[in-house]
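Taken together, the values in this text are just the output of simple stated rules run on the coordinates, not laboratory data. Computed from a predicted structure; not experimentally measured. Virtual Cβ from ideal backbone geometry, glycine too; neighbours counted across all protein chains shown.
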Amino acid sequence: MKLEIIVAEIGSTTTVVSGFSDLGTAPVLVGQGQGPTTVEAGDVRRGLTLALADLRANLGCDQLEWQHIYACSSAAGGLKMTVHGLVYDMTARAAREAALGAGAVLHQVTAGEISPTDLEKTRQISPNIILLAGGVDYGERKIILDNSRKLATLDLPIPLIYAGNVAIQEEIAEIFTGTRFLLEIVENVYPHIDELNIEPTRKAIQKAFEEHIIHAPGMGQIRELVDGPIQPVPGAVLNAAITLYGRLGDLLVFDVGGATTDLHSVTPGSDEVNAILISPEPLAKRTVEGDLGVYINAANLMGLAGREDLAATLGRIDLDELIVPIPKTAAEIAFAEALAAKAVSTALERHAGSIRYMYGPGGRLKIARGKDLTQVKYVIGTGGALTRLPKGKELLAVGLLSRNPDFLGPSREVKVLIDRHYIMAAAGVLASSHPQAAITLMLKSLDLEGFDVSQTNN
């Protein structure tokens with residue numbers, strides 16, 4: 001059998017391959033296969049080989065060929081970054097949004113002058129990429145230049161992206177000349193007050209991931225096997241959400257996994273909230289909750305949900321025995337669903353903004369802080385937990401409920417959908433070369449085949 005395109009999603013624990021055909025006419029997901037991601041075995045190619053063998057077995061064919069194979073990966077433990085800005089609520093926050101949107105895992109965010117303690121922490125983190133920002137265009141110079149000199153002393157052989165004040169780009173280039181840093185200068189992420197410019201930085205981070213961050217054993221050889229860039233998995237999911245936004249409108253995507261829970265929202269928010277928003281929010285926003293995972297971080301979720309309450313609900317006290325990577329028994333499934341429900345509600349509380357009140361000379365003022373999700377029309381569940389657990393759609397719907405009137409979460413009228421085919425990451429990769437096919441495939445996976453894919457979001 002010959003497929004048009006195979007997309008390999010090389011995750012931290014599992015490698016999934018999805019085979020597609022007829023992308024230019026009537027796109028179809030032909031089949032999927034999976035295998036363990038074999039980082040510990042010393043070569044992730046073994047996991048890809050096992051996943052392809054599983055796909056071949058599922059399709060019932062002896063030979064499997066393809067025209068192209070693409071990939072996204074988080075097998076190297078994610079894209080480890082540090083971010084350094086000027087004012088936390090301005091340039092540092094804008095840089096943070098760009099990094100998360102590209103699929104990074106942030107290990108450090110500093111604002112203002114980098115202290116000796118900050119610098120030592122950066123050294124100990126040993127990041128894959130450093131993002132340096134600060135100052136609106138033609139604004140503050142001194143602190144950013146001082147921070148540049150401090151970072152230059154680390155002399156790390158990694159990409160360093162500068163996305164700050166345009167007026168000092170030449171001085172920044174001079175500071176890092178002679179170091180092992182691979183400097184790339186892009187447009188300012190915060191060029192003017194209350195203006196975000198995240199996309200150039202996000203693209204630079206993804207480019208750096210492809211060119212320099214292939215650390216998992218065997219990933220260099222994987223790069224030789226695949227066509228096109230290897231994207232970070234979270235970046236691919238966000239790209240899928242942005243692509244789907246062009247057809248469905250405002251949406252929110254939950255990706256609940258074994259180690260983390262990622263939220264991807266694509267919505268401009270309401271005019272009413274934007275009028276009182278104290279700092280700008282990006283159209284497409286990603287947050288990653290590194291403590292909310294239904295397997296690796298199950299203990300954290302049990303603590304948040306309450307061990308005693310969980311034990312009473314499930315009718316047993318030996319909860320630790322239920323922590324497995326792939327739940328199979330009724331008790332394991334019920335336990336995983338309880339943890340996933342807690343991950344959904346907690347992650348939403350952290351992602352969404354809220355209405356707040358403050359007092360000034362004129363009396364009480366109503367302000368908004370954070371991402372406004374009140375205009376979201378569709379809430380989508382993807383990831384192993386929500387797509388494979390029997391009650392994934394139900395627990396996602398329950399997790400959206402909030403009784404706090406000041407919470408800027410989705411309304412009760414949203415449509416809850418599940419990525420039944422588990423293809424959002426693959427679709428995000430496909431969207432770069434076959435955007436219409438990616439949309440069609442996602443609509444099928446979401447049971448929205450009757451939706452008019454020719455319309456655009458206004």
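Extension gain for the segment His192 to Ser411, taken as residue separation times 0.36 nm less the Cα-Cα distance, is 75.6 nm to one decimal.
Please work out whether the stretch 79-212 counts as rounded, prolate or oblate from its C-alpha gyration tensor, where a ≥ b ≥ c are the square roots of the eigenvalues and a/c under 1.5 means rounded, while otherwise a/b larger than b/c means prolate and anything else oblate?
Note, shape of the stretch 79-212 comes out rounded.
With 10 angstrom as the radius, rank Met1, Met358, Met81 by how many other C-beta atoms surround their C-beta, starting from the fewest.
Met358, Met1, Met81
Structural descriptor for the chain: relative contact order 14 percent, calculated from alpha carbon pairs under 8 angstrom and at least 6 residues apart.
Compute the Cα gyration tensor for the stretch 233-437, then decide on rounded, prolate or oblate, letting a ≥ b ≥ c be the square roots of its eigenvalues: rounded whenever a/c is under 1.5, prolate when a/b is larger than b/c in the other cases, and oblate in all that remain. The shape class here is oblate. From the Cα gyration tensor of the stretch 163-299, with a ≥ b ≥ c the square roots of its eigenvalues, which class applies: rounded if a/c is under 1.5, or else prolate if a/b is larger than b/c, or else oblate? Oblate, since a/c reaches 1.5 and b/c is not below a/b.
For Kirkwood radius over Cα pairs in Å, the value calculated from this model appears in (i) 34.5; (ii) 23.1; (iii) 24.1 under label (ii).
Whole-Hz Karplus values for the stretch 108-115 come out as 6, 10, 10, 9, x, 5, 6, 7 Hz, taken residue by residue from phi with 6.51 cos²θ - 1.76 cosθ + 1.60 and θ = phi - 60°; glycine and proline positions read x. Each Lys and Arg Cβ is given +1 and each Asp and Glu Cβ -1; about its Cα centre, the stretch 79-212 then shows a dipole of about 460 debye. Panel order for Val83, Val16, by other beta carbons found within 10 Å of each beta carbon, from fewest to most: Val16, Val83. Positive contributions from Lys and Arg (+1) and negative ones from Asp and Glu (-1), summed over other residues with Cβ under 13 Å from the Cβ of Leu64, come out at -2.
Report the local net charge at Leu314: Lys and Arg +1, Asp and Glu -1, summed over other residues whose C-beta lies under 12 Å from its C-beta.
Working: positive: Arg307, Arg316; negative: Glu308, Asp309, Asp318, Glu321, Glu332, Glu337.
Around Leu314, the charge tally is -4.
So what is the calculated 222 nm ellipticity per residue for the chain, using -39500 (n - 2.57) for each DSSP H run with n of 4 or more, over all residues, to the nearest 500 deg cm²/dmol? Helix contribution divided over all residues of the chain: -10500 deg cm²/dmol. Shown is the FRET efficiency for Arg316 and Leu365, computed with R0 = 30 Å from the Cβ-Cβ distance and rounded to the nearest 0.05: 0.05. Listed by Cβ neighbour count within 10 Å, with the fewest neighbours leading, Cys72, Cys61 appear as Cys61, Cys72.
Note on the chain: with charges restricted to the Cβ of Lys and Arg (+1) and Asp and Glu (-1), its dipole about the Cα centre is near 540 debye.
Counting charges near Gly35 (Lys, Arg +1; Asp, Glu -1) among other residues having Cβ under 10 Å from its Cβ returns a value of 0.
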